[in-house]
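Just so you know, all these numbers are worked out from the coordinates, no wet-lab data involved. Model, not experiment: these values are computed from the prediction. Cβ: placed from backbone, ideal geometry, glycine included. Neighbour counts: every protein chain shown.
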Amino acid sequence: MGAPTPTQNGKLDDITLEMETIEDNFEKSIPRYEYPFADGPDLDDMGEKAHTLTIRCYFWDAGMHLTFDNHIDLITALAQKSDWTLFHPIYGFLIGKVEKVGVRFNDRQRTAEVDISFVEQMREALAIMPATDVTSAVEGAFLDAQDEQQTEISSDLVALGLDPTVVYDPTQSILSQLSGASASMRGIAKAIDSYIGMFSTIASEITQPVNSLVATITYPTTIPGIVVGTLTQCVERVAREYDSSLGFPARFLGNLDLALNQLAASTNSFSTDQSASGVASLTLIAKHLQLASAQRLALETAYCYADDEENRQQVRQIEQTSSFDVLGQYTTQPVPPIMTVNDLETTLATSRTWLQSGIDQARSMQSLKTLALQLLQNVSSVKLESELIITVHVVNPIPLHLLCLQYGLPYNYAERIASINKTMEDPNFVSGAVQIYTLPGGAS
């Protein structure tokens, strides 16, 4: 029982697997009707039977792999739960049950193979998981969210006694155009005018980019359109303040997260009006600022992921190119930085935290759930295909290229490894704690 080659990375719920698919069964239910004096049966196609997958998971104590003890943890987990989500490297997410588990192990060599028979829950159609364009998917959900937010704020305004369908002149205040309204309604309109003025001032201090997605949206001049448009433009301008750190996505999104929280805090302290209309206005604005901020952070996260994927493609091309020309001279190309697994998980958690807060306040906005799902699927796909970073301890100084070979990495990885070890003084004499990459499925 030796090391598998090649393997793919998959997941069973939150359990990471080094696996290969050994069976993939699609069986039809076809009754046969036979008649006297007739040659051959009459067949009837009654649809597919259960789609079953048999995957083989490998565990062995060598290099950077799932260990022998991990297979015991897997077997224990399988005995405790009946419903599973399998993230298959080809089909993507499959929901079903584990029907059978077979184990073969060698406790002397500390190796194990676990065969899992997975039965998929009823489905409509199975398709190969496409390489999604996270930018277009999230931009589409963002535009849907803008429409849904205007519907949401319309319901909120009706509850406050304001008509959300009235068209106003955007060059004048809402209060000055409100006629026949009660004192409470006029107080709310006055407060909304004050908040709109504050956010418009913030937005006017920063230039909106020409290719902005928000610039393509035409907002109606009703109260919902004016409020949502102003808030959306404001949070976009706040994001543009940190464009200088776009080359460092995790830092950029962290700064944006902090800035949006500060904007929310300043909004809460903007007015000291404790009257019923003042509290109602603040509640309305704070809610929809939260929704606008969640959408903006999700969109900026998607843009960062798209740029990161371009960098990954460039890095792959560089690493497939020989480091020496035909004359034997060493040639090098600058390697663009790519997001680590920790960066991906941290930025995803930040964005989804904002989206969850928005969902808690506006359950009817299904597009927020779509935004969260698109970001999650993108990160899951990247993590399955990308390398993990681990720390190894080198006792005796060795060249960095030799360290790559020891851990099954191409020597071309030396440039990238040097870039993530800022304290490395001399790549020809590497020692101590060194961060290195491990290929998907582990080193061979």
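Would you kindly calculate the translational diffusion coefficient of segment 387-438, applying Stokes-Einstein with the Kirkwood radius from alpha carbon pairs, for 37 °C and a viscosity of 0.692 mPa s, and quote it in µm² s⁻¹ without decimals?
My calculation gives 308 µm²/s for D.
Using alpha carbons only, how many degrees (0 to 90, rounded to 10) separate the axis of helix 183-204 from the longest principal axis of the chain?
60 degrees
Arranged by the count of other C-beta atoms within 10 angstrom, fewest first, what order do 411, 195 take?
411, 195
What is the mean projected area of the alpha carbon convex hull for the chain, to one decimal in square nanometres?
Computed as one quarter of the Cα hull surface, the answer is 34.6 nm².
Quick check on packing: order 367-375, 108-116, 37-45 by the mean number of other C-beta atoms within 10 Å, highest mean leading.
Taking the mean over residues of other Cβ atoms within 10 Å, the ranking is 367-375, 108-116, 37-45.
Could you name the lysines whose alpha carbon sits less than 19 Å from that of residue 369, not counting residues in the same chain fewer than 8 places away?
Result set, ordered by chain and number: 287.
So what J values fall out for segment 281-294 if you push phi through Karplus, 6.51 cos²θ - 1.76 cosθ + 1.60 with θ = phi - 60°, rounded to Hz, Gly and Pro as x?
Running phi through 6.51 cos²θ - 1.76 cosθ + 1.60 with θ = phi - 60° gives 5, 5, 4, 4, 5, 4, 4, 7, 5, 4, 5, 5, 5, 4 Hz.
Restricting to Cα pairs below 8 Å that are 6+ residues apart, what does the relative contact order work out to for the chain? Please round to a whole percent. Show your work: numbers first, answer last.
Working: 611 pairs, mean separation 62.9, N = 444.
Averaging sequence separation for qualifying contacts and normalising by length gives 14 percent for the chain.
Once phi is turned into θ = phi - 60°, what whole-Hz ³J(HN,Hα) does the Karplus curve with 6.51, -1.76 and 1.60 give for every residue of segment 339-352, x standing for Gly and Pro?
6, 6, 4, 5, 4, 4, 5, 5, 5, 5, 4, 4, 5, 5
Testing the spin-label approximation: label points 7 Å from Cα along Cα→Cβ at residue 205 and residue 104. State their distance in nm.
6.8 nm
Multiply the residue separation of residue 311 and residue 119 by 0.36 nm, subtract the distance between their alpha-carbon atoms, and state the gained length in nm to one decimal.
That pair, residue 311 and residue 119, stretches by 65.4 nm at full extension.
How far apart, in nanometres, would the label points at residue 248 and residue 165 be if each is projected 7 angstrom from Cα along the Cα-to-Cβ direction?
Result: 5.3 nm between the two label points.
Over the C-alpha atoms of segment 47-184, what are the Rg and the largest Cα-to-Cα span, Dmax, in Å?
Radius of gyration, then largest Cα-Cα span, for segment 47-184: 28.0, 87 Å.
Where the Cα atoms of segment 134-383 are projected onto their three principal axes, how long is each span, largest first, in whole Å?
86, 33, 30
Evaluate the distance, in nm, between pseudo-label points positioned 7 Å from the Cα of residue 80 and of residue 271 along their respective Cα→Cβ axes.
For residue 80 paired with residue 271, the spin-label model returns 5.1 nm.
I want the local charge near residue 78. Using Cβ-Cβ distances under 15 Å, sum +1 for each Lys or Arg and -1 for each Asp or Glu among the other residues.
Counting the neighbours of residue 78, the net charge comes to -2.
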